[in-house]
Amino acid sequence: MRTLIILMVVLFSNCSGNRNKNIEQACPIITMDSFSILNTTIRALHVVSEKQVWFAGSKGKWGYTTNGGKSWLVDSIAYQGKSPDFRSIAITKAGDVFLVSVTEPAAVFKASIQNLDWKIVYVDTSIGAFFDMVKFENNSKGVMLGDPKKGCFHLAITNDGGNTWQKIDCDSIPKAMEKEAPFAASNSNIEYKGSSIWFATGGSTGSRIYNSKNNGKSWDVSSTAIVKGGTMTGLYSLDFYNEIYGVAVGGNWDSVTETTANFALTKDGGKSWEIQDTGLPYISCVQYVPNSHAQELLLLSGRGRQGQSLMYYIYLDNGFWFKFPNSNYLSIQFASDSIAWLSGRNKIARMSLKTFPASFLE
């Protein structure tokens, strides 16, 4: 164990906001405690509590803290002489940990928190296999998603806590269009609530959201008006507050300053999606703020071409948003309505969030 605290930063927004000037909206103040995790890009986080978070990244690295970042266990996995590239992680309440390697191998690794003896529980060794994300709804039910081949998404489900996985028959899933696939966007473009699963796609023909209401047995797909047409356009991230209210975001990674059709909401469990004119640029990751009644979001505009990394706090009831600097964090996950964890290249941060009336800060 070693202490890795390197920086504390307080981030102040321009608390005049961006719209509805006649409304005094609560202004968020963010404090960031940053921790150095060297030689890895961390896109996968699983927050257990305000003090405990697990991560997985490139070069086979994984680790965790149980004391809010005062000390970390950092380790790595090798497979057949190669270092897996981890972009997804999931932990069940029973204490099972799952790491997903995107390719070579495209595999799901499992261990118990108690012994951390890693084993592969699911793998695809075929040429071009690419796994994007994993999500568990409870201790037993989970889903894993990989890129489509010949129009068929590689979807697999588990009902025994990840010990065994069953690939879903292609006839149960709407066929992917040519050049449509999910982005491995920090494990944040898949969600599992109750018996409902959603995942989002990008690519030149993508910008669609797939949904199962019966734990993956059968699937429907909904088109959205999110921007598409380019290789790196489409939906990058989604989140659901519950089985009814959801948000989906994205844009054009190749032109991250574009603000057209990159933000959509659903109020019917994903049957329909309504584009929101927020004026925001490309968004790489989105999360609902807990206990916000599906009205507050934190968004990351992460690394992309020709763009600045930024962070936004938005109130959906009036479209009011605040902008903060983002030193290239790629993933975020809340522990509570006042604490979140973020990750990026060679670093993790613990974010404390408070809100004040704008006039209080004048």
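The values are calculated or read from the model by the stated rules, or taken from the named source; none is laboratory data. Quantities reported herein were computed from a predicted structural model and do not represent experimental measurements. Here Cβ is always computed from backbone atoms with ideal geometry, including for glycine, and neighbour counts include all displayed protein chains. To get the accessible areas, we keep the full protein, side chains included, count just its heavy atoms, and leave off ligands, DNA and RNA. Shrake-Rupley method; radii C 1.70, N 1.55, O 1.52, S 1.80 Å.
So if R0 is 35 Å, what FRET efficiency would K59 and K150 give, r being the distance between their Cβ atoms, rounded to the nearest 0.05? Rounded to the nearest 0.05, the efficiency is 0.65.
How would the stretch 104-258 be classified by its alpha-carbon gyration tensor: rounded, prolate or oblate, with rounded meaning a/c under 1.5 and the a/b versus b/c comparison settling the rest?
Numbers: a/c = 1.63, a/b = 1.46, b/c = 1.12.
Cα axes put the stretch 104-258 in the prolate bin.
Note on K179: lysines with a C-alpha under 21 Å away, same-chain residues under 8 apart excluded, are K149, K150, K228.
In nm, what is the difference between 0.36 nm times the number of residues separating T260 and Q52 and their Cα-Cα distance?
On the way: separation 208, 0.36 × 208 = 74.88 nm, distance 3.76 nm.
Here the segment from T260 to Q52 would lengthen by 71.1 nm.
Peptides 70-79, 151-160 ordered by packing proxy, namely the average of other Cβ atoms within 10 Å per residue, highest first: 151-160, 70-79.
Sparsely packed loop sites in the stretch 171-245 (the GluC sites (Glu not before Pro) outside DSSP H, G, I, E and B with at most 14 other Cβ atoms within 10 Å) comprise E178.
Among the chymotrypsin sites (Phe, Trp or Tyr not before Pro) in the stretch 222-267, which ones are in a DSSP loop with at most 13 other Cβ atoms within 10 Å of the Cβ? Mind listing them?
Values: sites: Y236, F240, Y241, Y245, W253, F263; in loops: Y241, Y245, W253.
Those that pass, being in a loop and sparsely packed, number zero.
Charges were assigned to the Cβ only: +1 to each Lys and Arg, -1 to each Asp and Glu. The resulting dipole of the chain about its Cα centre is roughly 680 debye. For the stretch 99-138, the share of accessible area belonging to carbon and sulfur comes to 49 percent (1.4 Å probe, ligands and nucleic acids excluded). Figure legend: label point modelled 7 angstrom from the Cα of Q308 along Cα→Cβ; residues of the stretch 245-287 with amide N under 16 Å from it are 256-259, 280-283.
Phi angles across the stretch 187-198 convert, under the Karplus curve 6.51 cos²θ - 1.76 cosθ + 1.60 with θ = phi - 60°, into 3J(HN,Hα) values of 6, 10, 10, 9, 8, 9, 10, x, 9, 9, 10, 10 Hz, Gly and Pro given as x. For the stretch 226-341, the per residue solvent-accessible surface stands at 37 Å², with DNA, RNA and ligands left out and a 1.4 Å probe. Within the listed set L310, L235, L45, the Gaussian network model of the chain (springs between alpha-carbon atoms below 10 Å) gives the highest mean-square fluctuation for L310.
Please report, as a whole percent, how much of the solvent-accessible surface of the stretch 155-275 comes from carbon and sulfur atoms (probe radius 1.4 Å).
On the stretch 155-275, the fraction of accessible area on carbon and sulfur atoms equals 48 percent.
Label point of N328 set 7 angstrom out along Cα-Cβ; within the stretch 54-83, amide nitrogens under 17 Å from it belong to 57-59. Say the cut-off is 29 Å between C-alpha atoms; which of K82/K217; K70/K267; K51/K119; K110/K167; K167/K193 go over it? Exceeds cut-off: K82/K217; K70/K267. The shape of the stretch 90-144 comes out oblate: with a ≥ b ≥ c from the C-alpha gyration tensor, a/c is at least 1.5 while a/b does not beat b/c. Under 1.5 on a/c is rounded, so check that first for the stretch 24-103, then, if it is not, pick prolate when a/b is larger than b/c and oblate when it is not; a ≥ b ≥ c are the square roots of the alpha carbon gyration tensor eigenvalues. Cα axes put the stretch 24-103 in the prolate bin.
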